[in-house]
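Below you'll find the structure I mean.
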Amino acid sequence: MPETPTMTIAEFETAADATAFRTLNEAWIEQYFTLEDEDRAILGDPIGRIIEPGGAVFVARLDHEVIGCIGIMPVGERVFELVKMAVSPVHQGHGTGRKLIAAALDRARSLGAQRVALESNSALASAVHLYEAFGFRHLGHDEIAPSPYARADVHMVLDLV
């Protein structure tokens, strides 16, 4: 009987991880929206834009195939942003996104984060519900900072302290 593939969450390590990070994100963005300048900047340089400033990128692997990814990026004093979560469409609905978010939040806590913010879009209802399940709250209109993304109509935060 063949073994069931094992899903693991690991830190971004290789050029193949960088390629998967870019292609997984480009696929969902282009399916629902338009790739924007900030997308291109982050996806084209995740090491320089996310990791080197003090964040992390995680990939979900099913055996050796990268099926999902997420980043946690510093954006202020003890504030991080959850960025670029993507799960391959054929692997959605099996808990991969939940495991990626948990890994990113654990890293944010270990880095001393007091707050984690995120931006999304109301068309991505499953993702928004998942963020709510982790305790993220929607920001009021008076709390929302300007966004580099035209598609961002959901702004959420999770206070860790």
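The values are calculated or read from the model by the stated rules, or taken from the named source; none is laboratory data. Small disclaimer: the values here were computed from a predicted structure and weren't measured. Cβ sites come from the backbone with ideal geometry, for glycine too, and all protein chains shown count toward neighbours.
I'm checking my understanding of the structure. Among residues of the range 39-62 that are under 16 Å from the mean Cα position of the chain (by Cα) and assigned to a strand (DSSP E or B), which one is farthest from Ala113 (Cα to Cα)?
Residue satisfying both the conditions and the ranking: Arg61.
Let me ask something else. Of the residues Glu65, Glu77, Glu36, which single one is more than 14 Å from the chain's Cα centre (by Cα), acidic (Asp, Glu) and closer than 25 Å to Ala125 by Cα?
Of Glu65, Glu77, Glu36, the one residue that is more than 14 Å from the chain's Cα centre (by Cα), acidic (Asp, Glu) and closer than 25 Å to Ala125 by Cα is Glu36.
Take the residues in the range 91-121 that are of a type in the set (Ser, Thr, Tyr) and free of Cβ contacts under 8 Å to residues at least 40 places away in the same chain, then tell me which one is nearest to Glu11 (Cα to Cα).
Ser110
Separate question: Quickly run through the range 20-38 and pick out the residues that are loosely packed, with under 12 Cβ neighbours inside 10 Å and part of a helix (DSSP H, G or I).
Selection gives Glu30, Gln31, Tyr32, Asp37.
Moving to a separate point now. Taking Ile51 as meeting all but one of (1) more than 24 Å from Ala123 (Cβ to Cβ); (2) in contact with a helix residue (DSSP H, G or I) (Cβ under 9 Å, 6 or more places away or on another chain); (3) β-branched (Val, Ile, Thr), write down the number of the exception.
(2)
Right, another one. Which ones in the range 88-103 are over 16 Å from Pro5 (Cβ atoms), small (Gly, Ala, Ser) and buried (at least 16 other Cβ atoms within 10 Å of the Cβ)?
Gly97, Ala103
Step by step: first the residues of the range 1-23, then only those that are more than 17 Å from Ile51 (Cβ to Cβ) and at pLDDT 95 or above, then the one that is nearest to the chain's Cα centre (by Cα). Which residue is that?
Residue satisfying both the conditions and the ranking: Thr23.
Specify which of the listed residues (Glu81, Glu52, Glu77, Glu132) is touching a His at 6+ places or on another chain (Cβ under 9 Å) and at pLDDT 95 or above. First the steps, then the outcome.
Values: Glu81 fails: touching a His at 6+ places or on another chain (Cβ under 9 Å); Glu52 fails: touching a His at 6+ places or on another chain (Cβ under 9 Å); Glu77 fails: touching a His at 6+ places or on another chain (Cβ under 9 Å).
Glu132 is the lone residue from the list that is touching a His at 6+ places or on another chain (Cβ under 9 Å) and at pLDDT 95 or above.
Quick check: is even one residue across the range 145-160 assigned to a strand (DSSP E or B), touching a Gly at 6+ places or on another chain (Cβ under 8 Å) and closer than 30 Å to Glu3 by Cβ?
Initial filter on the range 145-160 (assigned to a strand (DSSP E or B)): 154-159.
Now drop any that are not touching a Gly at 6+ places or on another chain (Cβ under 8 Å), which leaves 158.
Now narrow it down to the ones that are closer than 30 Å to Glu3 by Cβ: none.
There is no residue in the range 145-160 that is assigned to a strand (DSSP E or B), touching a Gly at 6+ places or on another chain (Cβ under 8 Å) and closer than 30 Å to Glu3 by Cβ.
Only one of these is touching a strand residue (DSSP E or B) at 6+ places or on another chain (Cβ under 8 Å) and crowded, with 18+ Cβ neighbours inside 10 Å: Arg115, Arg107, Arg151, Arg78. Name it. So that I can check it myself, show each step before the final result.
Values: Arg115 fails: crowded, with 18+ Cβ neighbours inside 10 Å; Arg151 fails: touching a strand residue (DSSP E or B) at 6+ places or on another chain (Cβ under 8 Å); Arg78 fails: crowded, with 18+ Cβ neighbours inside 10 Å.
Step by step, each of Arg115, Arg107, Arg151, Arg78 is checked, and only Arg107 is touching a strand residue (DSSP E or B) at 6+ places or on another chain (Cβ under 8 Å) and crowded, with 18+ Cβ neighbours inside 10 Å.
Anything in the range 109-144 that is part of a helix (DSSP H, G or I) and closer than 21 Å to Leu24 by Cβ? List them, or say none. It would help to see each step written out before you state the result.
The initial filter retains those residues of the range 109-144 that are part of a helix (DSSP H, G or I), namely 109-110, 125-133, 141-143.
Answer for the range 109-144, where residues must be part of a helix (DSSP H, G or I) and closer than 21 Å to Leu24 by Cβ: Ala125, Ser126, Ala127, Val128, His129, Leu130, Tyr131.
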